[in-house]
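Notes follow once the structure below has been shown.
The values are calculated or read from the model by the stated rules, or taken from the named source; none is laboratory data. None of these values were measured; they are calculated from a predicted model. Cβ atoms come from the backbone with ideal geometry, glycine included; neighbour counts cover every protein chain shown. Surface areas here come from the heavy atoms of the whole protein model, side chains and all, with no ligands, DNA or RNA. Shrake-Rupley method; radii C 1.70, N 1.55, O 1.52, S 1.80 Å.
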Amino acid sequence: LRLLPRQTHLRAETAAAGAAFERKRNVLCCLITRILKAEKQLHVDNLVFRVIDACQKGGFGPGLQFLSFCCHSVDVLSCVLRLLSQGYLRRQPGRPQVLEY
């Protein structure tokens, strides 16, 4: 027996949060890839700094100027690990802290 109607707005909020998270992750992965394509190889600390700097300055490129969000080193490192597992990035054999595209 139910006295209250089902709350559907909670599912909508959860879906919207998931979409925002996915969009943020996609933008960060795109930034990481773009930076490493230009540099060919980069120390992971320098890469994190450049991605966070681009987020703060809004340097997403011409098609993504409308996006603005807070970016932390944990977010960037999570995306780096994701790209490593997918094979887009690799570590140098003798220096695992240096990433290559």
Contact list, first residue from region 83-100 and acidic (Asp, Glu), second anywhere and at pLDDT 90 or above and outside any loop (DSSP other than H, G, I, E, B), beta-carbon distance below 9 Å, six or more apart or interchain, is GLU100/LEU36; GLU100/GLN41; GLU100/LEU42; GLU100/ARG90; GLU100/ARG91
Residue set ARG82, ARG25, ARG95; condition among the basic types (Lys, Arg), out of contact with any Leu (no Cβ under 7 Å at 6 or more places or on another chain), surrounded by 14 or more Cβ atoms within 10 Å (Cβ to Cβ) and modelled with pLDDT of 90 or more; output residue ARG82
Counting only residues in region 1-22 that are open to solvent by 100 Å² or more (accessible area, probe 1.4 Å) and part of a loop (DSSP other than H, G, I, E, B), the one modelled with the lowest pLDDT is identified as LEU1
Residue count, region 44-58, condition open to solvent by 40 Å² or more (accessible area, probe 1.4 Å) and either among the small types (Gly, Ala, Ser) or modelled with pLDDT of 90 or more (or both), comes to 4
